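**Q** Okay, handing you the structure first.
The values are calculated or read from the model by the stated rules, or taken from the named source; none is laboratory data. On a predicted model such as this, the values are computed, not experimentally measured, just so you know. In this analysis, Cβ positions are derived from the backbone assuming ideal geometry, glycine residues included, and neighbour counts consider all displayed protein chains.
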Amino acid sequence: MKKVLILGVTSNIGYRFYTMYQHRYDLYGTCRKLPDLKMLNVYELNSLSKEKLSMIINEVKPDIVINCIGIGSIDFCELNKEIAKEINFEVVKLLREIGYKAKYIFFSSASIYSGSANLYNEESIPMPLHFYGKLKVEADQYIKQKFDDYLILRPAPIIGVQQSFQRVNPATFIIRKLYQNLSIMLVNDVFSNLLFLDDCIKIMGELIDCDSQGDFNLAGNEIVSRYELGKMIAKAMHKDNGVIKACDSNYFKSLVPRPQNLILDNKKIKCEIGYEPLSISSAIEQIVKEQLNDLRKTLEEEI
């Protein structure tokens, strides 16, 4: 059984990997603060010092290290560039400096692209529009130059079940609003081929078991706007989709521009492991069913 260390085990991807594969791999993790959950072999890591990280890695002696540590808020990164660089780039350098020999899995982002092209594959030239994207490009280049055995996974925007201690994703934001019978403005001019979180985890497992290397785009087959996503979720929740209003991206004020079309070519990952994504309607049904159970409990606790 392969030993896997997940840095940032309470993140969306880290926690889902832990729960789905706790009987497939010998799992260990790190997090800033351990939630009130029954998670074994998890270290609290309040600061990302080389000494602490090195101590954990050398104590666990993992075959695979998955780095889920990161700041995903584009505006936060723009306003807090020093913190953003420390978390989204310097951690990558720390892992290289520690020098422990293992397979390393890193997460890039579709935000390394400008959104001006119709489709992006693994050979497309990055043209980030903001500091977050620039850091991801810098990290990608560093990994390719300095690491021997690595995977760089570049997911499209992810939709999936969200725990109470995690940040929202496009689907859970909409589910929560609809559950509270609130109206929502959703853009109809920004498109992506969304990735189902559980598909992401299954892909990771297959890549690990196949001992694959290199960089891979991870994305679904269907291209939708946030407005179209909202309509589909409303249907799955048996809600009146009239509460979902369409708008263009200029309606929302943001600190920096966002790419309008982040459509990733998923041919390479399909060829590598025979991956076929779940349909977005089936993914939404699964997310809604699981999320509503958690949401009822969460809202009851808030009341």
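**Q** Assess whether Lys289 counts as being touching a residue at least 60 places away in the same chain (Cβ under 8 Å), in a helix (DSSP H, G or I) and not acidic (Asp, Glu).
**A** Taking the combined requirement at face value, the residue does not satisfy it.
**Q** Can you tell me which residue in segment 203-243 is surrounded by the most Cβ atoms within 10 Å (Cβ to Cβ), limited to those that are outside any helix (DSSP H, G or I) and among the acidic types (Asp, Glu)?
**A** Asp215
**Q** Among the residues of segment 24-51, how many are in a loop (DSSP other than H, G, I, E, B), touching a Gly at 6+ places or on another chain (Cβ under 8 Å) and modelled with pLDDT of 90 or more?
**A** 2
**Q** In segment 112-135, is there at least one residue being closer than 30 Å to Leu37 by Cα, of a type in the set (S, T, N, Q) and touching a residue at least 12 places away in the same chain (Cβ under 8 Å)?
**A** No: zero hits.
**Q** Condition check: modelled with pLDDT of 95 or more, farther than 30 Å from Ile6 by Cβ and either under 18 Å from the mean Cα position of the chain (by Cα) or among the hydroxyl-bearing types (Ser, Thr, Tyr) (or both). Does Ser192 satisfy that?
**A** no
**Q** So which of Val9, Val4 ends up being assigned to a loop (DSSP other than H, G, I, E, B) and either modelled with pLDDT of 95 or more or on the phi > 0 side of the Ramachandran plot (or both)?
**A** Only one candidate passes the filter, namely Val9.
**Q** Inside segment 146-202, can you point out the residues that are assigned to a loop (DSSP other than H, G, I, E, B), of a type in the set (Val, Ile, Thr), in contact (Cβ under 8 Å) with a residue 12 or more places away in the chain and surrounded by fewer than 23 Cβ atoms within 10 Å (Cβ to Cβ)?
**A** Passing the criteria: only Val190.
**Q** Kindly provide the set of residues from segment 111-151 that are in contact with a strand residue (DSSP E or B) (Cβ under 8 Å, 6 or more places away or on another chain), among the hydrophobic types (A, V, I, L, M, F, W, C) and modelled with pLDDT of 95 or more, ordered by number.
**A** Across segment 111-151, the qualifying residues are Ile112, Leu119, Ala139, Ile143, Phe147, Leu151.
**Q** Filter segment 6-24 for residues that are crowded, with 22+ Cβ neighbours inside 10 Å and among the aromatic types (Phe, Trp, Tyr) and give the result.
**A** Matches in segment 6-24: Tyr15, Phe17, Tyr18.
**Q** Only residues in segment 44-56 that are over 16 Å from Thr10 (Cα atoms) count as the first member; pair them with residues that are surrounded by 13 or more Cβ atoms within 10 Å (Cβ to Cβ) and of a type in the set (Val, Ile, Thr), Cβ under 7 angstrom, at least 6 apart or cross-chain, and list the lot.
**A** From residues that are over 16 Å from Thr10 (Cα atoms), the pairs are Lys50/Ile98; Leu53/Ile98; Ser54/Ile98; Ile56/Thr30.
**Q** So which residues in segment 53-87 are basic (Lys, Arg) and within 14 Å of Tyr100 (Cβ to Cβ), if there are any at all?
**A** Hit for segment 53-87 is Lys61, nothing else.
**Q** Can you name every residue in segment 57-78 that is free of Cβ contacts under 8 Å to residues at least 60 places away in the same chain and within 10 Å of Ile6 (Cβ to Cβ)?
**A** Passing the criteria: only Pro62.
**Q** Identify, by number, the condition in (1) surrounded by 12 or more Cβ atoms within 10 Å (Cβ to Cβ); (2) at pLDDT 90 or above; (3) within 20 Å of the chain's Cα centre (by Cα) that Ala246 doesn't meet.
**A** Going through the list (1) surrounded by 12 or more Cβ atoms within 10 Å (Cβ to Cβ); (2) at pLDDT 90 or above; (3) within 20 Å of the chain's Cα centre (by Cα), Ala246 breaks only (3).
**Q** Oh, and also: Within the group Pro155, Pro126, which residue is touching a Cys at 6+ places or on another chain (Cβ under 8 Å) and under 23 Å from Val91 (Cα atoms)?
**A** Every option except Pro155 fails the conditions.
**Q** Turning to a different aspect of this structure: Find the residue count for segment 259-274, including only residues that are surrounded by 18 or more Cβ atoms within 10 Å (Cβ to Cβ), in a loop (DSSP other than H, G, I, E, B) and not β-branched (Val, Ile, Thr).
**A** Counting residues in segment 259-274 that are surrounded by 18 or more Cβ atoms within 10 Å (Cβ to Cβ), in a loop (DSSP other than H, G, I, E, B) and not β-branched (Val, Ile, Thr) gives 2.
**Q** Check whether at least one residue in segment 75-90 is within 25 Å of Asp149 (Cα to Cα) and basic (Lys, Arg), and report yes or no.
**A** yes
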